[in-house]
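First the structure, in the form of structure tokens, and then the observations on it.
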Amino acid sequence: MSLTSAATLATLDRTGPRRITDLAAVEGVTQPAMTALVRVMEESGLVERRGDASDKRVTLVCLTEAGASYVRTRRQAGVHAYERLIGELAGDEIEALAAALPALKHLAELESQDREGPMR
């Protein structure tokens with residue numbers, strides 16, 4: 001799976017259903033590229049398109065259960081990889097990481113806000 005596909009699934013998991021134009025902007029790709037990507041992910045059973053109840057002209061891209069499961073599995077794999085690596089650090093290095101966690105959390109929040117932009 002491409003990084004853009006994985007990032008798109010993660011965005012849908014975090015923010016819920018989105019328009020293709022919103023996903024394209026968030027992921028930094030063109031609308032035609034996102035449309036093609038969504039089509040492939042749809043064929044793979046990871047996403048589906050649904051109408052927007054508030055605007056019948058709009059189609060939203062939604063995660064399927066298979067897509068949500070894929071995101072959970074990738075996140076858990078990342079957690080296990082970091083656990084293993086952190087286990088190889090010295091005590092003072094672990095303490096330094098723990099002290100940096102508030103700043104790292106803030107950076108992640110800023111990045112998330114920047115990537116997601118305004119919800120539509």
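The string of couplings for the stretch 83-96 from the Karplus curve (6.51, -1.76, 1.60, θ = phi - 60°) is 4, 4, 5, 5, x, 8, 7, 6, x, 5, 5, 5, 4, 4 Hz, one whole number per residue in order, with x for Gly and Pro. With R₀ fixed at 25 Å, the C-beta to C-beta distance from HIS106 to ASP13 puts the FRET efficiency at about 0.70. Annotation: amide H-H contacts under 5 Å for LEU60 (H modelled 1.01 Å from N, sequence separation of 5 or more, or interchain): ARG50, GLY51, ASP52. Normalised by the number of residues in the stretch 5-120, the average gap of Cα pairs under 8 Å and 6 or more apart makes the relative contact order 26 percent. Maximal additional length on extending the LEU85-VAL40 stretch stands at 12.8 nm, based on 0.36 nm per residue less the C-alpha distance. Quick check: at a probe of 1.4 Å, how many percent of the accessible area of the chain sits on carbon and sulfur atoms? The computed percentage sits at 58.
Annotation: per residue accessible area for the chain equals 66 Å², rounded to a whole number [probe 1.4 Å, protein chains only]. Here r is the Cβ-Cβ distance between ARG50 and THR73 and R0 is 30 Å; the resulting FRET efficiency, rounded to 0.05, is 0.80. In the chain, helices alone account for a calculated mean residue ellipticity at 222 nm of -23000 deg cm²/dmol, with every DSSP H run of four or more residues adding -39,500 (n - 2.57).
Whole number please: convex hull volume per residue of the Cα set in the stretch 24-120, in Å³?
137
The values are calculated or read from the model by the stated rules, or taken from the named source; none is laboratory data. None of these values were measured; they are calculated from a predicted model. Using ideal geometry, Cβ is built from the backbone for each residue, glycine included, and neighbour counts are taken over all protein chains shown. Side chains are part of the model used for accessible areas, which takes the heavy atoms of the whole protein and leaves out ligands, DNA and RNA. Shrake-Rupley method; radii C 1.70, N 1.55, O 1.52, S 1.80 Å.
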